[in-house]
Number of protein chains: 2
Amino acid sequence: MKCSVYIATSVDGFIAKKDGSVDWLHSAGNPEADMGNQADMGFADFMASVDCMVMGRKCMEMISSMNLTPEQWPYGDTRIIVLSNTLKEAPDNVKGKVEMYSGDLNDLIAKLGNDGFKHAYIDGGTTIQAFINLGLIAEMTITRAPVLLGEGIALFGKINRDIKLEQAQATAFANDFIQEKFVVNYR
Amino acid sequence: MKCSVYIATSVDGFIAKKDGSVDWLHSAGNPEADMGNQADMGFADFMASVDCMVMGRKCMEMISSMNLTPEQWPYGDTRIIVLSNTLKEAPDNVKGKVEMYSGDLNDLIAKLGNDGFKHAYIDGGTTIQAFINLGLIAEMTITRAPVLLGEGIALFGKINRDIKLEQAQATAFANDFIQEKFVVNYR
């Protein structure tokens, strides 16, 4: 079971402002730029490569707060597991689209693997940090929005030891976002 | 007078470990990689584009601690101003190579401009943050070493307001370092 990260941050490494807002992300860069066939910066290709998602509660609540129409829902019918130790039921507008989970993450990944899933999209800052520390993340795609925020919720947090990244790829898009891709080497 | 940043950070944005060490930087990535004509990741070209440097005291002390031979000195005869409110004299092994300065940064840049200097290399975390907050940085080249450190001395700190970056360029080198270049837009 492969686990991958695909997430946007500011150039100084924040995934959201302190209050959780991501307005800055949607207004960052040059929205007028001609993106050619890169308008989604690889998101559809990434989604096509995964068959399940694991996200944190806050990440799910942010998505829920957007009140997406079925046409706007970006995850197709990909199975979505939401991690929470406190919330037992998903908000009404995402009910049926997500399953709640509370428990050991290695067990969850093992179970998803036993169920035939091959590649999980891991989303949300706290969740990504937990998966990194468990040695579970195989690949990371980080899309840097061209803005400095100064403070906010950081993508990365403390880790048990230095973690080596490999097979670097980089793309600068016409809208001035830069996408970095790395394979994680836990050896 | 144009001011530019050229600095290496970990993928999670640290320029040094908490104790100031940068050993991780020298061992990061794949040192065996064939870098072709990119072995210095653009450093010589950048140095050729600047005619003076402004660095913080800690940055200078780190360089001093390396006890570089004249052959190893990476800055040629570029004029170097070291900022410190406490240190009046440079360490012996860099004396003659650097000048100490204590005072207003806008005044310093204006004075360098009046002296005919055109392009300053701004170095050191605290110094870079001060210049960013004064709206003095025109361009930033950030070279991401392929490693997560989890904690350390961050390149960026709090800023007065969001700062927009433009004209993104990205290069992934054979050693798995990724270099990002941005023009800063303070408007």
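Cα-based Rg (one decimal) and Dmax (whole number) for the stretch B:148-187, in Å?
In order Rg, Dmax, the Cα atoms of the stretch B:148-187 give 13.4, 37 Å.
Rounded to the nearest 100 Å², what is the sum over both chains of accessible area buried where A meets B, with a probe of 1.4 Å?
Chain pair A/B: roughly 2800 Å² of buried accessible area.
With N set to the residue count of the protein assembly as shown, report its C-alpha Rg divided by 2.2 N^0.38 Å to two decimal places.
1.08
Taking 8 Å as the Cα distance limit and 6 or more residues as the minimum spacing, I'd like the relative contact order of chain B as a percentage. Walk me through the intermediate numbers first.
Numbers: 320 pairs, mean separation 71.6, N = 187.
Reported as a whole number, the value is 38 percent.
Could you tell me the center-to-center distance, by alpha carbons, between the stretch B:1-42 and the stretch A:136-151 in angstrom?
18
Tell me, which residues of the stretch A:169-187 get at least 50 Å² less accessible area when the other protein chains come in, versus the chain alone (1.4 Å probe)?
A:170, A:176, A:178
Please identify the chymotrypsin sites (Phe, Trp or Tyr not before Pro) of the stretch B:114-187 that satisfy two criteria: DSSP loop assignment and at most 13 other Cβ atoms within 10 Å. Which are they?
B:186
Enter the mean projected area of the convex hull around the alpha-carbon atoms of the stretch A:7-152, in nm², rounded to one decimal.
Working: hull surface 38.2 nm².
Computed as one quarter of the Cα hull surface, the answer is 9.5 nm².
Taking H as built 1.01 Å from N, whose amide H comes closer than 5 Å to the amide H of residue A:53, not counting residues under 5 places away?
Here A:79, A:80, A:81, A:121 satisfy the definition.
If I compute solvent accessible area with a 1.4 Å probe over the protein chains, what percent of it on chain B is carbon and sulfur?
49
For the ranges A:161-169, A:87-95, what's the packing order if you count other beta-carbon atoms within 10 Å of each residue, average per peptide, and put the highest first?
Output ranking for A:161-169, A:87-95: A:161-169, A:87-95.
Compute the distance in nm between two label points, each set 7 Å from the Cα along the Cα-to-Cβ direction, one at residue A:40 and one at residue A:160.
For residue A:40 paired with residue A:160, the spin-label model returns 3.6 nm.
Give me D for the stretch A:1-60 in µm² s⁻¹, whole number, from Stokes-Einstein with Rh from the Kirkwood sum over alpha-carbon pairs, 20 °C and 1.002 mPa s.
Estimated diffusion coefficient is 154 µm²/s.
The values are calculated or read from the model by the stated rules, or taken from the named source; none is laboratory data. Everything quoted here is computed from the prediction, not taken from an experiment. Here Cβ is always computed from backbone atoms with ideal geometry, including for glycine, and neighbour counts include all displayed protein chains. These accessible areas exclude ligands, DNA and RNA; they are computed on the full protein's heavy atoms, side chains included. Shrake-Rupley method; radii C 1.70, N 1.55, O 1.52, S 1.80 Å.
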